[in-house]
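Contents: one structure, followed by commentary.
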Amino acid sequence: MRKSGAITMATSTTSARSEMHNIVLTGFMGTGKSSVGRLLAQRLGFRYCDLDARIVEEEGISINEIFSRHGESHFRALETSAVRRLAQEQQCVVSTGGGAVIAPENRRLLMEVGVVVNLTASVDEICRRLREETDRPLLRDNRSEEHIERMLAEREPYYAHAELRIDTTGKSVEDVVAEIIVYLKERGFAWKP
Ligand code: S3P
């Protein structure tokens with residue numbers, strides 16, 4: 001019997017697919033991973049896990065402080081160890097930091113632990129959503145469209161490592177969650193509400 005909230009394949013195809021236990025949200029800063037992740041988890045009856053929040057909790061300092069005291073490479077190492085620990089998770093919607101897909105090991109592990117859904121948004125929309133932000137160290141000195149466009153272009157091949165990509169531009173969190181759920185149903189995943 002499936003436990004409440006369990007998500008399984010309604011029809012079994014390959015064992016890898018039937019072992020899908022988590023949904024992993026990737027995407028650039030400001031594409032809505034956290035808001036979508038929280039609502040999606042609620043709808044599926046899954047737990048919600050925010051990788052950056054885990055790092056902050058474990059380190060006892062903010063992402064900004066990790067970057068300023070120890071540098072980006074230290075943050076990336078913490079990120080990879082948090083990604084490695086996801087192998088223990090089940091029935092979890094995971095939102096990742098925008099750069100979690102850069103390391104090849106992370107991309108491989110994320111694909112292994114769940115269905116990877118990449119959220120995108122237009123540069124305009126990302127700039128608008130991040131206008132008031134102060135907790136993104138990589139945008140601290142430069143939040144221009146050109147800078148964001150360049151980062152997006154560099155990361156595009158990594159974000160493309162996803163089973164589903166959704167453009168969130170102009171959509172509500174509810175719309176995006178509904179699209180993900182339609183996709184999961186179409187692919188034969190089923191879960192108990
Ligand atoms: C980063 C994105 C941030 C956070 C860190 C680095 C990135 O997460 O992990 O500031 O490299 O894009 P969000 O995407 O949740 O803002």
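The values are calculated or read from the model by the stated rules, or taken from the named source; none is laboratory data. From a predicted model like this one, the values you see are computed outputs, not experimental measurements. All Cβ positions, glycine included, derive from the backbone under ideal geometry; neighbour counts span all protein chains shown. Ligands, DNA and RNA are excluded from the accessible area calculation, which covers all protein heavy atoms including side chains. Shrake-Rupley method; radii C 1.70, N 1.55, O 1.52, S 1.80 Å.
Values for this structure:
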read-out	value
Asp124 accessible area, assembled protein chains, probe 1.4 Å, Å²	100 Å²
Angle in degrees between helix 173-186 and the longest Cα principal axis of the chain, rounded to the nearest 10	40 degrees
Solvent accessible area, Å² - His70, 1.4 Å probe, full protein context	100 Å²
Computed [θ] at 222 nm, helices only, for the chain once each DSSP H run of length n ≥ 4 contributes -39500 (n - 2.57)	-14500 deg cm²/dmol
Solvent-free Debye scattering, log10 I(q)/I(0), computed from the Cα coordinates of the chain at q = 0.08 Å⁻¹	-0.26
Of every Cα-Cα pair in segment 105-174, the percent that sits beyond 13 Å	70 percent
Folded to 0 to 90 degrees: helix 72-85 orientation relative to the chain principal axis, Cα	10 degrees
For the chain, built as a Gaussian network whose Cα springs stay under 10 Å, the top-fluctuating residue of Met151, Met111, Met29	Met151
Whole-percent carbon and sulfur share, accessible surface of the chain, 1.4 Å	49 percent
0 to 90° range, to nearest 10: angle between helix 145-159 axis and the chain longest Cα axis	40 degrees
Label zone at Gln42, where the point sits 7 Å out along the Cα-to-Cβ direction: segment 159-193 residues whose backbone N lies under 17 Å	172-181, 193
